[in-house]
1. Please determine whether any residue of the stretch 145-164 is of a type in the set (Ser, Thr, Tyr) and touching a strand residue (DSSP E or B) at 6+ places or on another chain (Cβ under 7 Å).
2. Mind checking which residues of the stretch 19-42 are open to solvent by 40 Å² or more (accessible area, probe 1.4 Å), modelled with pLDDT of 85 or more and within 21 Å of Ser222 (Cα to Cα)?
3. Quick check on the stretch 376-396. Is at least one of its residues more than 24 Å from Asp227 (Cβ to Cβ) and under 41 Å from the mean Cα position of the chain (by Cα)?
4. Looking at (1) under 29 Å from the mean Cα position of the chain (by Cα); (2) charged (D, E, K, R); (3) surrounded by 16 or more Cβ atoms within 10 Å (Cβ to Cβ), find the lone condition where Arg224 falls short.
5. Failed condition for Ser289, given (1) modelled with pLDDT under 80; (2) open to solvent by 70 Å² or more (accessible area, probe 1.4 Å); (3) among the polar types (S, T, N, Q), with all others met?
6. What number of residues within the stretch 168-211 are surrounded by 13 or more Cβ atoms within 10 Å (Cβ to Cβ), touching a helix residue (DSSP H, G or I) at 6+ places or on another chain (Cβ under 7 Å) and not aromatic (Phe, Trp, Tyr)?
7. May I ask you to list pairs of residues, at least six apart or on different chains, whose Cβ atoms are under 7 Å apart, with the first in the stretch 207-231 being on the phi > 0 side of the Ramachandran plot and the second being open to solvent by less than 10 Å² (accessible area, probe 1.4 Å) and polar (S, T, N, Q)?
8. Name every residue in the stretch 138-162 that is touching a helix residue (DSSP H, G or I) at 6+ places or on another chain (Cβ under 7 Å), of a type in the set (A, V, I, L, M, F, W, C) and within 26 Å of Val173 (Cα to Cα), in order of residue number.
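The values are calculated or read from the model by the stated rules, or taken from the named source; none is laboratory data. Note that the coordinates shown come from a computational prediction; the quantities given were computed from them, not determined experimentally. Note: ideal-geometry Cβ built from the backbone for every residue, glycine included; neighbour counts use all protein chains shown. With ligands, DNA and RNA removed, areas are computed over all heavy atoms of the protein, side chains included. Shrake-Rupley method; radii C 1.70, N 1.55, O 1.52, S 1.80 Å.
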Amino acid sequence: MAGNLQNDQTISAILANVTDFRGNCPVPFLDQEKFLPHKRGQTGHIEGRLCAPVPTLPGRPICCLPCPATDWLYPDDFKTIYKIAESISAFGLLICCFLLLSFAFLPVDKTRRHWLSICLVIGIVMEALAFVVPLGVKPNQCFDQITPNDMYTSMTCAFSGAFIVGGGLVVSVWIFMRSLSMHLQICWDIVPGNWFFYAAQACGWLVAATLFTLTMTLTGVSFRFGDTCHVNTEHSMATFWGPLLGIASFTGLIQVLTFLYCIKVYLRSLWSDNHSGTNGSSGLPSYHSTMGGTSARAVYQRMKKVLWLQWRSITIVVFLLVDIIFLAVVWVQLNNTLEEAKKGKMEHFMPFLFCLVSKKGEKKTCYAAGQKAIINEGTAIAILMLLALTGVQTGLLMARTSMFVAWYELFKKTFGSKREFVSLDAKRYSHAEQRNYELHKVTSSPGIPQTPEAGEVHTEIFTSKQDGLPPQSGYRSPEELDRAYHQPTMSFSGPQAPLSRQGHRNDWNQEETHATGGLGSHPLRSPPNTSRLPSRPL
């Protein structure tokens with residue numbers, strides 16, 4: 001707070017004596033020589049000043065455009081659009097946080113969570129935080145009249161810049177991993193397992209952390225475009241934009257190869273359906289052509305199934321890939337234009353500078369010339385909206401209706417007032433105790449087991465198999481049911497198999513009854529064994 005108050009007082013003092021800093025520069029430019037040189041980390045990002053030498057003026061001064069530069073390039077409505085983009089980022093952040101909470105607390109079958117999705121959502125959360133932090137803080141972009149704040153003079157700049165650098169690297173790395181995973185499944189029929197998981201985790205986070213460290217230490221971030229800090233120009237191509245474009249280009253190449261393979265399989269499947277491989281002489285399909293057509297259709301069916309399961313992932317990769325490439329190309333062009341201006345190549349800026357000088361700082365009439373020299377307003381709005389919509393589009397594509405149903409059921413189960421009554425005995429009855437009971441049929445007579453007759457009534461009961469339980473009245477224990485049958489002394493009958501509806505035995509054997517004909521009367525077969533005859537004649 002004390003540092004911000006001191007900066008505000010410094011800016012107020014400079015504004016009160018603005019004519020002292022004009023020097024030989026025309027309105028509205030300020031002479032760089034009037035500002036005392038400071039070391040890095042003490043006076044904002046000096047390299048971020050928009051200054052250029054003017055050799056035609058007396059004293060050959062270095063004239064600088066007042067900070068912030070966006071006020072001289074875009075109308076006041078642009079600030080409103082920037083706030084809208086920050087609000088959209090906040091909404092996308094809420095959706096992504098909802099996804100992470102769903103992945104953490106809901107079952108897998110309700111969320112379809114995957115470690116590739118979790119890592120990608122983490123990167124998008126970081127990207128959204130880069131726009132949400134300035135939305136609540138409302139930072140001061142300038143350290144003085146010509147110098148923007150950097151990560152050493154503004155904590156808001158440090159956090160927002162770190163989030164945008166880390167989020168961009170993490171998102172680019174993990175869309176590459178998702179694209180590689182889909183390529184292996186669709187083109188090579190390889191389902192990534194544990195080896196892919198460990199390799200992706202090690203390489204993905206290591207690459208992102210290494211590039212993040214190099215970017216923040218060697219290049220840094222500062223207020224260059226709106227309330228969010230972006231990567232500086234110095235060494236940015238080697239530490240950030242170059243690797244980012246390389247990863248995005250390789251991801252795009254894998255995605256294009258995957259699409260070409262899908263088109264090839266689809267056309268081959270159509271060709272195999274239209275040309276069934278008939279023989280020209282006989283009109284019959286040949287063996288090799290039939291097998292080839294079947295294989296093509298089988299590959300097409302497998303590919304179509306994988307595409308149907310992965311359509312959300314493919315759409316997310318395509319959207320984010322377009323955002324990253326578009327953003328990187330625009331910023332690289334901007335850095336190159338500013339570097340040429342610092343070297344004295346002012347051809348693109350001369351119409352804009354002459355407009356400001358001739359109009360004596362009336363910037364409204366010079367917006368078109370300034371946007372033509374640097375970035376037009378349509379491109380700037382497109383960059384903001386693409387960055388703001390990354391969280392929204394990813395969250396909506398990953399969200400499922402089953403998640404909302406699962407959250408409703410979870411809250412209803414946890415905080416619902418109506419609870420189902422459960423008996424204490426029913427709660428004590430476990431699944432393990434269920435195996436201690438058997439279902440037996442007990443006849444009306446508890447004596448000797450009788451052969452089932454027509455019209456006899458049976459009762460199904462559960463009997464316990466635990467030892468030591470007393471037998472109940474009218475029930476028979478399993479030991480009594482399982483013991484061997486002893487034929488009475490004066491009985492000439494024995495136990496018989498139950499009769500079918502036609503009155504014949506189901507286990508009737510023609511060999512045991514001396515039936516003639518069929519296999520039983522074959523001359524090579526041995527005569528029937530009389531010892532196997534039933535005790536009861538037929």
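1. Checked the stretch 145-164: at least one residue is of a type in the set (Ser, Thr, Tyr) and touching a strand residue (DSSP E or B) at 6+ places or on another chain (Cβ under 7 Å).
2. Gln32
3. The answer is yes; a qualifying residue exists.
4. Every listed condition holds for Arg224 apart from (1).
5. For Ser289, the failing item is (2).
6. Residues in the stretch 168-211 being surrounded by 13 or more Cβ atoms within 10 Å (Cβ to Cβ), touching a helix residue (DSSP H, G or I) at 6+ places or on another chain (Cβ under 7 Å) and not aromatic (Phe, Trp, Tyr): 23 in total.
7. Cβ pairs passing all conditions: Gly220/Asn232.
8. Met151, Phe159, Ala162
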